[in-house]
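A.B. asks: There's a structure below that I have some questions on.
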Amino acid sequence: MTQAPPKPRRWLLAVDPRVYHWDTLFVKGKEMWRHAGSRPDAARQLKQVHKGDRTLCYHGKPEHSLYALAEVTRDPYPDPEDSESKKMVMDLRAIERLPRVVKLAELRDDRLLRKIKFLKNTRLTICPLTDEEYAEILRMAGIVASPGIPLP
């Protein structure tokens, strides 16, 4: 008996643009993302990510804004450059830059988004989003679902 694939989840991935800029992903189109860090909370979240999940890409200091959309193309796996194999990485594919960046202050002002853990602790590098939170953020960025056409 085969098990149905899990329903795709939504994530917010945060990086410092001075260390890694999301434009790098758009130039390459697809690459290994190794910026989750080694904190236990990041490792726990990363283990829940699966191929096909969608991510909102966030730039930390100095921009503090959501920048783009990407898709996970490979389940997380041990970092090949980490000799102890404790750090996990995943492969991402660029989808599109947001039509309008969404600032951190805007996210915090939206009452539908108040439960997002990232808004309480912006040091998180990976944070789960509900479908409703994901859709609201896309709406804020200027991406709205059309009948018969799902959100990216």
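None of the figures in this text is laboratory data; all of them are computed from the coordinates on show. On a predicted model such as this, the values are computed, not experimentally measured, just so you know. In this analysis, Cβ positions are derived from the backbone assuming ideal geometry, glycine residues included, and neighbour counts consider all displayed protein chains.
A.B. asks: Counting only helical runs of four or more DSSP H residues, what would the 222 nm mean residue ellipticity of the chain come to if each run contributes -39,500 (n - 2.57) and the total is spread over all its residues?
C.D. replies: When only DSSP H runs of four or more count, the value is -5500 deg cm²/dmol.
A.B. asks: Count the lysine pairs in the chain whose Cα atoms sit under 19 Å apart, keeping only pairs 8 or more residues apart in sequence or on different chains.
C.D. replies: Total qualifying Lys-Lys pairs in the chain comes to 14.
A.B. asks: Which shape class, rounded, prolate or oblate, goes with the range 16-77 when its Cα gyration tensor gives a ≥ b ≥ c as root eigenvalues, a/c under 1.5 marks rounded, and past that a/b bigger than b/c marks prolate?
C.D. replies: oblate
A.B. asks: Sketch the reach of a paramagnetic label on residue 64 as a point 7 Å from Cα along Cα-to-Cβ, and name the residues of the range 115-142 whose backbone nitrogen lies under 18 Å away.
C.D. replies: 115-125
A.B. asks: For the range 1-117, what is the relative contact order in percent, using Cα pairs closer than 8 Å and at least 6 residues apart in sequence?
C.D. replies: Result for the range 1-117 is 27 percent.
A.B. asks: Could you work out the Rg to Rh ratio of the range 70-124, with Rh taken as the Kirkwood radius (inverse of the mean 1/r over all Cα pairs)?
C.D. replies: The Rg/Rh ratio comes out at 1.11.
A.B. asks: Provide the gained length on full extension for the span residue 139 to residue 51, in nm with one decimal, where the gain is 0.36 nm per separating residue minus the Cα-Cα distance.
C.D. replies: So the extension gain works out to 29.3 nm.
A.B. asks: Apply the Debye scattering formula to the range 10-141, with a single equal point scatterer on each alpha-carbon and no solvent, then give log10 I(q)/I(0) at q = 0.09, 0.14, 0.20 Å⁻¹.
C.D. replies: Treating every Cα as an identical point scatterer, log10 I(q)/I(0) equals -0.23, -0.57, -1.22.
A.B. asks: Add +1 for every Lys or Arg and -1 for every Asp or Glu among the other residues with Cβ under 15 Å from the Cβ of residue 23, and state the total.
C.D. replies: Local net charge: +1.
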